[in-house]
Amino acid sequence: MRRLAILVLAAFVATPADAQTRELLRAVGPDGAEVWWSNHGGLLVRGWPAAPGGSVVLGRGSYPRFDALGRLWFERARDDGHHLTARELFVLESGAAAPRSPRPGELPPDRDPPAPPAADGGLPRICVDPGHGGSDPGALGFGYEEADLVLDIALKLEQLLVDDTLDPAGGGAWDVLLTRTDDSTVSLQERVDLANAWPADRFVSIHANGFASPAANGTETYCFQEGTTAANLRDRVHEEMLAAWSLADRGTKTAGFFVLVNTTMPASLSETGFVTSPIDVQKLSDPAERQAMALAHLFGIQRHFGIAPYAPAGSAPDGTLQGILYDAALGSGAPIAGGTVALADGTFATTSATGFFAFPLDSGTYAFAATAPGFVAGSAQETVTTGVIWESLGIVAGAVPALTVDPLPAAGAPMTLAVDGDPGTPALAFFSSVPGLPLLDLGGPGVVWPSATGLGFAPLGAVPGSGTLAVTFAAPTAPGLRLQLQALVVDGGAARLSNGAAFEVR
C-alpha cells in the first residue's frame, strides 16, 4: 500500500520580545569555518568540509577555539546549578565529522579572552538568566519545579524590559537576552559564555531556594564581592523583591557561584523564595505574584541605573491560562512531559516534567491545541478573564507517525526534518505564514495541529529504504520567527497525522 507523506509547516511572526538575538558568532577558523553557539542547540560549525552539507552539530559545549592546524577545540561542563562539577575537553579534526577526546600530549590553544562589557553607546544590555532547566529541575516542592517557576518570572521580566523600552512615558530603554527561553538544558559555562560573548552590561540570575525542612523560608540575594557595582545591583533588586512579596528577609550575601565569578559584567543572583516552604510556595505558584516578582526585578534594575521605578504600560496581562497535559487513557495523574501546547497565534509552551503549561493572556476566548510524540493531537477552548483559569487537556496515545527536527532552528542554519513513511513514497511540504484561520479537513484519525491555511507546496523527495525521510534545509533568516510543523501520511485515502512540534528560530 502506498502512502503519501506530507509536511505541514506554519510560520508565525514574533513579538518584539521574541525578536532578540539568540545566537552569537563565537569563533572563525583559518579556513573560514564558523562556530556558532545557540542557547537551544549548543555549538554548530558551518563551512566544515568534512561534514555533509558543510555543517557539524556539536551540541552542548563551550569555549570553542581553533588552533594553528585548523582543529576546533571545545569543552563540555557539568554542574549542580550553582557550581561546576566536571569539565571535559574535545577536539574536532579538520578532516573529521565528529569530535574526539585529546590524545596524550595534545594541548589546546589558549582560550580567547572574554569580550569586554559593551561600550558602544547603545542601550544597556541586560542578560536575564532563569536558573536550572532541562535535565536539572532545580529545587522541588509541593509539585512544583524551580526551573519552571523561575523561567516564568524571567519571561515576564523580559517582556517588562521590552515594554519599558517601548513606553515613552517613563522608565528606561534596554536590550535584553535570556540564557534560556524554555525548559532547555543550558550549562553554567554556556550561560557565562553567552553573557560574555554578547557582551552584556548586567547579568541577572533568577532562582528559587529549596531545603530539607519546610521551615526554611524567605528571600535572599547574592553577588560576588561587597563594595562593587554588582553589590549595588544586588541590593536594589533585593529591596524590591522584599517590597513585592514581603517574605522573610534572609539578607544580601556574597557567594562564589559560577555565574557570579565568571561573568565579566556586574552580576546578581536572586533566591526569590523557597519552593519547599508552604509560605513561600503560595507566592511562587501564583502567576500574578510571579508577575509582581518580575516587576520587582525591573524596578531594581531601573533604580540601579538611576531611574525612578516605573511600571510600563501594557505590562500586566489580565489573567493566565494554565493546565496539565496528560494521557487521556490514564487520567490527569499521568502527565505528559515534553509535549507542546500552542495557541492559534503561534505562541507555544513545552510542558514540564509535571505536564504543566501556562500562558499569560488578556481577557478573551482562546483555542489551543496540544501534541506529543506517540499521541494524537487534541484541542480545547477556554475563556480567560482575570486570575488563573485552569483548563487541562488529555490526549490519546496512538500509532502516530513520528516527526522530529534537529537541531532546533537557528536563523539561516541547517535544520533537518525527519518523518516516517513507506520506502518509495513521494513527499510534499505544505507551508504557511498565516496563523489562526480554519483547519484543513483531511479526514482520518488525528487533528491538524493547531491551524494553517494559504498553504504552498514543495517536493521533498521520496522516502528511502530506511523508511525515514530526512530533509535538510536552511532555517528562515529571521530570529523570532515561530514554526509549527506536523507530518501527514495518507494511507488508502485516510489521513494519518504525526505529533506536532513548535519551534522559534533563534
Please order Glu93, Glu289 by the number of other Cβ within 10 Å, starting at the fewest. Glu93, Glu289
Please list 277-286, 187-196 highest first by mean number of surrounding beta-carbon atoms within 10 Å per residue. 187-196, 277-286
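Just so you know, all these numbers are worked out from the coordinates, no wet-lab data involved. This is a predicted model, so every value here is computed, not measured. Counting neighbours? That spans all protein chains shown, and the Cβs are built from the backbone with ideal geometry, glycine included.
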